[in-house]
Amino acid sequence: MIWLFLLLLTITAVILYLLFAPFILYINSDEGVYRIRFHKLASVSYVAHNGKPGLEIRIAGWRKRVSHVSFMAKKSEPQKKVQKPSKPRMTFNRVLAVIKTFRISRFYVSIDTGNAQANGVLYPTLYAWGQYAHRHAEINFLNRNTVILEIKNTMARVIKAFLFS
């Protein structure tokens, strides 16, 4: 009887972890980091190793690098299309509700158009937008473009928005 209770408790804990652990989209153009991460359990990163683009997949201590060439080279033969029963359509309101569940936790944009006059025109616009949105956006005159973005969400918020919209 105790083992059944412990099994149910373990299954419940795993389900709650999967529902409430955040998954994170992180982009840092200065460091060249482009990553999708599920809490600390798993991540997929875009990397350029020895000048070759690819993906680095990490799942609970296991790591695998997949080159761009290896997963682009495999082409399957065209298959016959089987008509599937129609699924309920995604409505615009439902998609908008799911998009609203994402939270921006870090945002920094610094751009340079390469044209000093255009930079001068855009400078007050981006400054005002940054003050209004409480986000850091700026025009620089140093010929440097930087984007740092971190977006978080949980499966519980996505499911709630999907079901109740």
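Things to note:
- Meets criteria (touching a strand residue (DSSP E or B) at 6+ places or on another chain (Cβ under 6 Å), over 30 Å from K40 (Cβ atoms) and in a helix (DSSP H, G or I)) for Y132: no
- For segment 127-141, a tally of residues being more than 18 Å from I104 (Cα to Cα) and out of contact with any Asp or Glu (no Cβ under 6 Å at 6 or more places or on another chain) returns 4.
- Among the residues of segment 20-52, those that are surrounded by fewer than 15 Cβ atoms within 10 Å (Cβ to Cβ) and among the charged types (D, E, K, R) comprise D30, E31, K40, K52.
- Residue selected from segment 114-145 under the condition surrounded by fewer than 16 Cβ atoms within 10 Å (Cβ to Cβ) and polar (S, T, N, Q), by the criterion farthest from F20 (Cα to Cα): Q117
Here, each number is a calculation from the coordinates, and none is a lab measurement. Model, not experiment: these values are computed from the prediction. Backbone-built Cβ (ideal geometry, glycine too); neighbour counts: all protein chains shown.
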